[in-house]
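What follows is a short report on a single structure.
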Amino acid sequence: MSKLFSPISLREVDIRNRIVMPPMCQYSAASDGMANDWHLVHYAARAIGGAGLIIVEATAVEPRGRITDYDLGIWDDAHIPMLRRIAANVQRYGAKIGIQIAHAGRKSTATKSTPVSPGPIAFSSDYKTPQELSKDEIKKIIGAFSEGARRAHQAELDLIEIHGAHGYLINQFLSPITNKRTDEYGQTPEGRMRILKEVIGAVRSEWPEKKPLSVRLSAVDRAHGGIELKDTIEIIGKLKTEVDIWHISSGGLTADEIGTVHPGYQVPYSDEIKNRLDCKTIAVGCITTAELAEEIVAGKRADMVALGRELLRNPYWPLYASKELGVDINWPKQYERAKI
Ligand SMILES: Cc1cc2nc3c(=O)[nH]c(=O)nc-3n(C[C@H](O)[C@H](O)[C@H](O)COP(=O)(O)O)c2cc1C
């Protein structure tokens, strides 16, 4: 009996299998952050293809928090109707839909704004030097995350993921490499995780009890002097009761990363976190085969498995994987005559 194709419930959201499409920027939004027909078709295709949970790409909580000028936004009520259409279209084909709410911090390349960060340290010489955030500005950004959550609920999305990974704003606060602040948002591990804790609280205040919350973290910065797995275990240990599932990635903080990449290379982080802290995790990173995905879930190394580029290449990956694992799943009725 396949574990990959067994359902899972997060709070009151029932998900048909353990296959996740992770957030992947499409760089296809209008300059006002508005989604369009590309997003409507792109996300629905993966629902038709059989994924259980689809997480919409990094969606900025304020304009200067966009990675590029073409990122989705959730800073205005005007964004709600199209997000709602995208959500309804995914749900119609049996998948659940989340959204990753994000702030790029110093990695923003949005042309009409100055990036912000815990301090004035640029990502690399190709990036603008960010402005140091005052405490008041930090509070405003936390408020923008909670407003984003309210809009995500109004758009009838099923799950929120807070982007705390890949060197974006929250990761910049968490890491001692980028956070040299001397106030309560820095100095100690407790100080550096304060913004994440407050963002989680602010999001939860607008996000209904019955809906789940995911947080994506870089388990390690892949940089000397950066976050190590033990630091991430400490952070998650302190916040685990407030978060329903942890999406475990790595890197993205610095321009000169260390370490290698191979199939399932981030799974050991998920495994350690899940089993040490008894919390739910999503594993991600160079997972492309049904066999590996099944082994990760069956081996209790993660509760769910995300396939990024593989689902870009093949939206129907879950349909093929079910065949490979000998599981008889429902195909979309329009495609039944093509069932393998
Ligand atoms: C085109 C593209 C866009 C991405 N955008 C995001 C994003 O918006 N948010 C995020 O957390 N990760 C993003 N990622 C990282 C993916 O979610 C995933 O973690 C990564 O691709 C590794 O998984 P894979 O080896 O299965 O592709 C992106 C990756 C790709 C290829």
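The values are calculated or read from the model by the stated rules, or taken from the named source; none is laboratory data. Since the model is a prediction, treat every value here as computed from it, not as a measurement. Virtual Cβ from ideal backbone geometry, glycine too; neighbours counted across all protein chains shown. With ligands, DNA and RNA removed, areas are computed over all heavy atoms of the protein, side chains included. Shrake-Rupley method; radii C 1.70, N 1.55, O 1.52, S 1.80 Å.
Structure notes:
- Sole residue being hydrophobic (A, V, I, L, M, F, W, C), out of contact with any Lys or Arg (no Cβ under 7 Å at 6 or more places or on another chain), touching a residue at least 24 places away in the same chain (Cβ under 8 Å) and part of a loop (DSSP other than H, G, I, E, B), chosen from Leu217, Leu196, Leu157: Leu157
- Qualifying residues in the range 176-218 (those that are of a type outside the set (A, V, I, L, M) and within 16 Å of the ligand (Cβ to nearest atom)) - the one farthest from Arg150 (Cα to Cα): Ser218
- In this structure, Ile170 does not qualify as over 17 Å from Ile235 (Cα atoms), outside any loop (DSSP other than H, G, I, E, B), among the β-branched types (Val, Ile, Thr) and in contact (Cβ under 8 Å) with a residue 24 or more places away in the chain.
- Residue in the range 288-299 that is near the ligand (Cβ under 10 Å from one of its atoms) and open to solvent by 10 Å² or more (accessible area, probe 1.4 Å) present: yes
- Test result for His153, open to solvent by 10 Å² or more (accessible area, probe 1.4 Å) and either touching a Ser or Thr at 6+ places or on another chain (Cβ under 8 Å) or within 16 Å of the ligand (Cβ to nearest atom) (or both): no
- Top-ranked residue of the range 244-286 - restricted to ones that are of a type in the set (Val, Ile, Thr) and crowded, with 22+ Cβ neighbours inside 10 Å, ranked as nearest to the ligand (Cβ to nearest atom): Val284
- Yes/no for Asp256 being over 16 Å from the mean Cα position of the chain (by Cα) and part of a helix (DSSP H, G or I): no
- Check on Met82, closer than 22 Å to Thr289 by Cβ, open to solvent by 20 Å² or more (accessible area, probe 1.4 Å) and not in a strand (DSSP E or B): no
- When Ser113, Ser146 are checked against the criterion of being closer than 25 Å to Arg204 by Cβ and either among the hydroxyl-bearing types (Ser, Thr, Tyr) or more than 21 Å from the chain's Cα centre (by Cα) (or both), a single residue qualifies: Ser146.
- For the range 7-48, filtering for residues that are open to solvent by 20 Å² or more (accessible area, probe 1.4 Å), of a type in the set (Ser, Thr, Tyr) and either more than 16 Å from the ligand (Cβ to nearest atom) or not in a loop (DSSP other than H, G, I, E, B) (or both) leaves 2.
- Qualifying residue in the range 55-63 (condition: among the hydrophobic types (A, V, I, L, M, F, W, C), surrounded by fewer than 22 Cβ atoms within 10 Å (Cβ to Cβ), part of a loop (DSSP other than H, G, I, E, B) and under 18 Å from the mean Cα position of the chain (by Cα)): no
- Check on Leu229, within 19 Å of Ile170 (Cβ to Cβ) and surrounded by fewer than 21 Cβ atoms within 10 Å (Cβ to Cβ): yes
- The range 300-334 - residue that is away from the ligand (no atom under 15 Å from the Cβ) and within 23 Å of the chain's Cα centre (by Cα) and, of those, least open to solvent (accessible area, probe 1.4 Å): Asp303
Residue-wise test of (1) closer than 30 Å to Ala47 by Cα; (2) open to solvent by less than 30 Å² (accessible area, probe 1.4 Å); (3) in contact with a Phe, Trp or Tyr (Cβ under 9 Å, 6 or more places away or on another chain).
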site: Ser146; (1), (2), (3): yes, yes, yes
site: Tyr168; (1), (2), (3): yes, no, no
site: Gln187; (1), (2), (3): no, no, no
site: Arg194; (1), (2), (3): no, no, yes
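- Boolean, Tyr70 is open to solvent by 60 Å² or more (accessible area, probe 1.4 Å) and within 16 Å of the ligand (Cβ to nearest atom): yes
- Test: residue in the range 124-134 that is modelled with pLDDT of 95 or more, assigned to a strand (DSSP E or B) and surrounded by fewer than 16 Cβ atoms within 10 Å (Cβ to Cβ): yes
- Scanning the range 89-105 for residues that are surrounded by fewer than 23 Cβ atoms within 10 Å (Cβ to Cβ) and not small (Gly, Ala, Ser) yields Asn89, Gln91, Arg92, Tyr93.
- Beta carbons closer than 7 Å, at least 6 apart along the sequence or on distinct chains, pair a first residue in the range 223-243 that is free of Cβ contacts under 8 Å to residues at least 24 places away in the same chain with a second that is open to solvent by less than 60 Å² (accessible area, probe 1.4 Å) for Glu228/Val220.
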